[in-house]
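Student: Let me begin by handing over the structure; questions about it come next.
The values are calculated or read from the model by the stated rules, or taken from the named source; none is laboratory data. Quick caveat, the model's predicted, so the values are computed rather than measured. Here Cβ is always computed from backbone atoms with ideal geometry, including for glycine, and neighbour counts include all displayed protein chains.
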């Protein structure tokens, strides 16, 4: 039995050594990239990814009291927490964390049916309030000490992006200072966001507001107001919405 285990370990190490060697030869050679080489590179990259553990670091916790189905984790860091309450659902989603002490909080009754949840930094928070429904969205907290807060009873369509950062710096040439600092995104209760909309850094959507499809929101949306366009502007005030027709 002991001999068999040693043999298996030896074969595994040999395979890993060969994979790394081939990858490095392709990476650092000047060989023209034919379709065959492209395929081989893709295959080796895939094999390397499979070798890496989906959760790397210390004291990372997934406390799931709801239902998680077809959720892929890609976590590198320490002291991160994913917490879901009872009667919540997260499915067909990727949760990516690069950093420490981040929090994903999914409250009771949430139904998150597809998309991408990303943390890039330390001490960040994404929170989804009770009975909020997300058909498909990318929620990305980028840069440390930032948060995306989504209130209760919200309704998000498909293809929605919520970002706390521009992902790249814009610098004032006269001062050399960065002028596009990251900002939190705060979404109140009973907010409806239409298909393909972008909710960008610093946006605040107050209770009962509505964002028309394919809008770009960069500032404040007042309570019980419809906004639309790029950038989003007020279309009508003193309105409410219901899930049923």
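Student: Please work out which one of (1) on the phi < 0 side of the Ramachandran plot; (2) at pLDDT 95 or above; (3) not in a strand (DSSP E or B) is the condition residue 245 fails and give its number.
Tutor: (2)
Student: Hey, residue 170 hits all of (1) touching a residue at least 12 places away in the same chain (Cβ under 8 Å); (2) within 19 Å of residue 120 (Cα to Cα) but one; which does it fall short on?
Tutor: Among (1) touching a residue at least 12 places away in the same chain (Cβ under 8 Å); (2) within 19 Å of residue 120 (Cα to Cα), residue 170 violates only (1).
Student: Condition first: crowded, with 16+ Cβ neighbours inside 10 Å and within 21 Å of the chain's Cα centre (by Cα). Now tell me which residues in segment 202-213 satisfy that.
Tutor: 202, 203, 204, 205, 211
Student: Here are some residues: 152, 140. Which one is touching a residue at least 24 places away in the same chain (Cβ under 8 Å) and either crowded, with 22+ Cβ neighbours inside 10 Å or in contact with a strand residue (DSSP E or B) (Cβ under 8 Å, 6 or more places away or on another chain) (or both)?
Tutor: Working: 152 fails: either crowded, with 22+ Cβ neighbours inside 10 Å or in contact with a strand residue (DSSP E or B) (Cβ under 8 Å, 6 or more places away or on another chain) (or both).
Unique residue meeting the criteria: 140.
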